[in-house]
Amino acid sequence: MNKGKVWTDQEILDEISGANQINEAVRQIYLGYYEILENYVLQNNGSEADAADTIQETMLVFLNLIETGKYREEASIKSVLYGINRNLWLTTLRKRKSRENRHGIYEKEQVQVDYDVSKSLAEIEGYQLIMALFEKLGEKCKRILTLFYYEDFSMKEIAEAEEFSSEQVVRNKKFKCMKQLTDQLEGNRNLYEMVRNALKDGK
């Protein structure tokens, strides 16, 4: 394929899907869309370094979508990249705000925290289990449940971040996702309790 011309979306997808000129395909994407993605981060309280990190993660998510056959070709590469980039950066901002709030509370109250090692390990194991179960539900369910339980997003914020038409649509989707999750745990009471506690800790 001629490297001197600008590739079409279909040419980029074909090269990545066929594992042919992946590096050149990625270069084409960077050339075409880096500035747009960078501007979004810069205009929303981010630095150039923040943009570079977010765009790199965006590319990894995008390549994974193609390689796993989850990319919906009715959407343009530009719109998909923009959506991924936006969601990743909103999540980063949310985490930073949460960390700043926690830090402020710590400085104000000067609280000395004693960590219970066994409890911490249980929480880590529970979180890893939850993430493994979320993976089986599909990307959309994983995003919704992770944002709700571990990023403290409201239904309204999830609707905006994931581009749902309304909060009610998010609630309906979350209900279906949780039903799929509990179906996986049917008949295993101990596993069910571990998952329930992990989700509670997430909130």
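The values are calculated or read from the model by the stated rules, or taken from the named source; none is laboratory data. Treat the numbers as computed from the prediction; the structure is a model and nothing was measured. Heads up, the Cβs are rebuilt from the backbone with ideal geometry, glycines too, and the neighbour counts pull from every protein chain shown.
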Checklist line | Looking only at the stretch 16-51, and only at residues there that are touching a residue at least 12 places away in the same chain (Cβ under 8 Å) and among the small types (Gly, Ala, Ser), the one that is farthest from TRP89 (Cα to Cα) | finding: SER17
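Mind listing whichever residues of the stretch 26-56 are over 18 Å from TRP7 (Cβ atoms) and touching a Lys or Arg at 6+ places or on another chain (Cβ under 8 Å)?
Within the stretch 26-56, just TYR40 meets the criteria.
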Next item on the list: Tell me which residues, restricted to the stretch 146-161, are modelled with pLDDT of 85 or more, of a type outside the set (A, V, I, L, M) and crowded, with 19+ Cβ neighbours inside 10 Å.
Entry: none
Item checked: Residue ranges of helices (runs of 4 or more DSSP H) in the stretch 1-93 with at least 3 members at pLDDT 85 or above, surrounded by 13 or more Cβ atoms within 10 Å (Cβ to Cβ) and not assigned by TED's automatic domain parsing to the domain that holds SER154 -> 22-42, 48-67
